[in-house]
1. Against the 2.2 N^0.38 Å scaling, with N counting residues, where does the range A:39-115 land? I'd like the Cα-based Rg ratio to two decimal places.
2. Averaged across the residues of A:122-128, what count of C-beta atoms belonging to other chains lies within 10 Å of each residue's C-beta?
3. Under a cut-off of 29 Å between alpha-carbon atoms, report the lysines in cross-link reach of residue B:473, not counting same-chain residues fewer than 8 places apart.
4. Points 7 angstrom from Cα along the Cβ direction at residue A:86 and residue B:200: gap in nanometres?
5. Any lysines with Cα under 19 Å of the residue A:219 Cα? List them, leaving off those in the same chain fewer than 8 positions away.
6. Between residue A:101 and residue A:136, take the C-beta separation as r, use R0 = 45 Å, and let me know the FRET efficiency to the nearest 0.05.
7. Add +1 for every Lys or Arg and -1 for every Asp or Glu among the other residues with Cβ under 14 Å from the Cβ of residue A:205, and state the total.
8. Taking the simple approach of a point 7 Å from Cα along Cα-to-Cβ for both residue A:317 and residue B:315, what is their distance in nm?
Amino acid sequence: MWCIRNKTTLLLIALGMIVASAAIILRFGIPFGIDFTGGALTEVVYETAPTQEAVETVLNPLGLGAYSLRETATDEGETGFIVRTRDLSEDERVIVNEALTALGEESSVERFTSIGPVIGQELASKAVWAITGVSLIIILYVAFAFAGVSYPVGSWVYGGITIVALLHDVIIPAALMTLLGVFIGVEADVLFIMALLAVLGYSVNDTIVVFDRVRENLKANREEKTIKVVATDGLEREETEYTLTKPFGEIVGMSVEQTITRSINTSVTTILALVALYVFGGEITQTFTLILIAGVIAGTYSSICFANPLLVWYAERQAKKQP
Amino acid sequence: MPEDTGRTAKEDSFIRKFYALAAILALVAIGWFVWSNVTAENANRPFKLGLDLAGGAHLIYEADTSDVDPEEVPELMGVLRSVIERRVNVFGVSEPVVQVERSSFAAEEARDRLVVELPGVTDVSEAVAEIGRTPLLEFRLIDDTVLAAQDQLATMEASMNEANSASGSVSIQNATLDGEPVSEEEPYIDTGLTGRYLQSAALEFAAGQGGQLSNEPIVSIVFNNEGGDLFEQITSDNVGEQLAIFLDGELISAPTINQQISGGRAIISGGFTPDEARDLAQNLNFGALPVPIELVSTQTIGASLGAELLEHGVMAGVVGITFIMTFMILWYRALGVVAVVSLSGYVVIMLALFQLIPVTLTAAGLAGFVLSLGMAVDANVLVFERIKEEWRSGKNWNEATRTGFARAWSAIRDGNITSLLSAIILFWFGTSIVKGFALVFGLGVIVSMLSAVVVTRTLALTLPDVPAESTSKWRWLYGSGIKK
């Protein structure tokens, strides 16, 4: 199987992606939006929108501190602005609303969100807890589900590799989010965390399907030998020793080959759904969709070209250590 | 594996076809149920749209519970919730939601919050003003001794003024009573009984017993247990005195205590008109917030923006599902048709669950659902690949299908269990928006697994049972991919 033969190259590519993504995130930082930092967002639409300068002229004297303005357009041809400020009290909200709606006819505030900094921080810490919790549960479950095949690598290794693959699949969309923030000023909202968590679920599923096949093929291609061991205290106990009839790398390669059509087809259907969501789903979920597409592609790559080569690489390294 | 059921192959095939037909009919029935709930005007169970799709306001208040015994907090929050609920109901909004939320242990310190959702309200100024109103309800005793002293002083002043009308007015200052200066303010004593202890107040009409006028409007009040005890204590100690009721420091009524009152119920009568009595009952109900609250987050979405989001979400779902079905038929041919039926089953069951539970649909939930469409076929794809493998290895179609399902099961199970565990954790940790997504995700995992195991399996087994080395027609129909 090509992905096992070229495992060094594939592992280096994945490693390179992880390092590059981490570098991007560390250099620029994920552009967390008001959901996490606290702040306010006011979206106002007009029949005919005023100029940006006019909006700035009314907002500047209000003492809102630094704020950002973005022009928007709805389906009905109305245009408007999204104003991002620090979090606003009820009185400030009324003042800002009045200032903005006075600028044009048929104007209305379509969306207003103000989030106190405490709520934002709490969401951020919840997100960290959720991601950690999900990862822990996965590693435990996978170790448990693979308990029957602890030769030639321990069952917890499957869980560990699943998590490393997860890291790969989550850090790449996170880096994409950072780049989107740097280049087009998109901010990460609570949907971003949900996208990451959905990628977690997808990626685990993908990796497990291949590992499941490895588990099955390992059981089919091993010979059992029961030997009696006499312990130091004179008690006899039976131990089962396994020998593989094929090299481990070959078994893993065979498993990837048997599941690759399924991996690709499921990715295709998922991406078809996501493309429909991107094109037709409207502006609010567009970033969410892009992050998911990146995650699904990364997840498919990692389940074929990262998790399994890593498994074989680890097994071979172990074998060298203990001849 | 041919099962030894004692049935002939023909009977067996008939039973399988019967099951398949029953499954399809059941799906059609569920589909009809969903459709009728969408189209009928007064449907029992329409889709429940979240605020971001229906338009409305979402407010988060934080309660300052720092002065309250932690054990009492849940109860006080419950009281706060019902007070705010009553205030919110003034707006006549359909289905307002008022929920108590406690920040999870992930936060540094626990904070108690109140989430208020007002569908259809986009100008929140009035709502915020109404909810934030913090009138204070107090019960105070009128201090008879001080009142008597004040009366006496006033009489003295009056008589002195009368006597000395020629030489101008006289006023008495710095009078003392038992060594304490006589206050010139109104003589009330705090009883410690406040709106915190009030459960409810209602307008009633007296039945004309016990010296009351028949049909006189009165206000009946009910205290909670603690308040009832306190009230009993106060009334037993002060029979014959007046108990003044203050709202925001303003005297609204001062009924006389006729006897000790136990059971936490009291009646306020005082020659009210029905309107006055109703206002009083309302004031008492709306009376005091048990703990101070502060608005920490506001979110409003205009109805037209919400409608646009909904339209986009539905459109994306329809297009997405069409893409997936087309792909499945093109790639898997006969099995693709099976997958299409199974996927339709997934969609109608999910939609029916959304209506029945009901799941509040949000933009995030819709996106999650569209995403789940792509993943729902996963179990089908897994099984199909396995069936083809078995079929090519020389088994007949039925046997290949049975083995395929059996062998693919462990992968389906492990993958779905981990997804389900993630969904549960998400639900546990999540804020309301994350919870909605987690619920859709978790349901999607279970339903897609069921639809693959039940619908796909039943239908795949009704396909003609031919061996792998059959005519090219069957080889094509049961094959897959771009090539023949």
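1. On the way: Rg = 11.4 Å, N = 77, 2.2 N^0.38 = 11.5 Å.
Scaled against compact globular proteins, the figure is 0.99.
2. Details: counts 8, 6, 1, 6, 9, 5, 2.
Rounded to a whole number, the mean comes out at 5.
3. B:10, B:17, B:388, B:395, B:483, B:484
4. The modelled label-to-label distance comes out at 4.5 nm.
5. Straight-line reach from residue A:219, under 19 Å: A:246.
6. Values: r = 49 Å, r/R0 = 1.09.
Plugging the Cβ-Cβ distance into 1/(1 + (r/R0)^6) gives 0.35.
7. Working: positive: A:213, A:262, B:413; negative: A:169, A:206, A:212, B:378, B:414.
Result for the local shell: -2.
8. Roughly 5.0 nm, to one decimal.
All of the numbers you see were taken from the coordinates with simple rules; none came from a lab. As the structure is a prediction and not an experimental result, all values here were calculated from the model. Because the Cβ atoms are built from the backbone with ideal geometry, glycine has one as well, and the counts that use them run over all protein chains shown.
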